[in-house]
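Right, one structure below, let's go through it.
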Amino acid sequence: MNSSRGPSVAPLSQSDLSREPRIAGTRIPVWLRVQGRRMGASEADLLRDYPALHPIDLLHVWTYARDHREEIERQIVGNEEA
C-alpha cells in the first residue's frame, strides 16, 4: 500500500547500523509499535504518542509485522534483553 508519503516501512540501508525496519520518514522501529500494541496500547494511543504518524502508517506496520513475524519477534526479545 502506498500513501502520498510513499511506502510506510522504510527499507534497510547499509548506513542503518541498527538493521531494524523503521516507519518511513521516522526513526521509529516497527518492533516498538508492535510491542506497544502487545502491551495493550490502542491504535489511538500509538498515534497520540507519535503525532507524526498516520493511521496508514500503522496499517503498514501491522502488515510488515505479519509478513516478518520471526524478524520482529527477534527484535522485541533482543531489546527486552538489552
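Derivation of every value follows stated rules applied to the coordinates shown; laboratory data play no part. Only a predicted model underlies this, so the values are computations on that prediction, with no experimental measurement involved. Here the Cβ is made from the backbone with ideal geometry for all residues, glycine too, and neighbour counts use every protein chain on show.
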Inset, instruction - Based on the mean of other Cβ atoms within 10 Å per residue, sort peptides 59-68, 21-30 so the most packed one is first. - result: 21-30, 59-68
Inset, instruction - For region 9-81, build the charge dipole from Cβ charges (+1 Lys, Arg; -1 Asp, Glu) around the Cα centre, then report which of TRP31, TYR64, PRO51 sits farthest towards its positive end. - result: PRO51
Inset, instruction - With viscosity set to 1.306 mPa s and temperature to 10 °C, compute the Stokes-Einstein D of region 9-81, Rh being the Kirkwood radius across alpha carbon pairs; µm²/s, no decimals. - result: 127
Legend entry - Relative contact order of region 9-81, pairs being alpha-carbon contacts under 8 Å that are 6 or more residues apart, as %: 29
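Contour minus end-to-end for TRP62 and GLU43, with contour as 0.36 nm per residue of separation and end-to-end as the Cα-Cα distance?
Details: separation 19, 0.36 × 19 = 6.84 nm, distance 1.08 nm.
Length gained, TRP62 through GLU43: 5.8 nm.
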Inset, instruction - Pull up all non-local amide H partners of ILE23: gap of 5 or more, or a different chain, and H-to-H distance under 5 Å with H placed in the peptide plane. - result: ALA10, ILE28, VAL30
Inset, instruction - Pop the C-beta distance of ALA52 and VAL77 into the FRET formula with R0 = 22 Å and round what comes out to the nearest 0.05. - result: 0.20
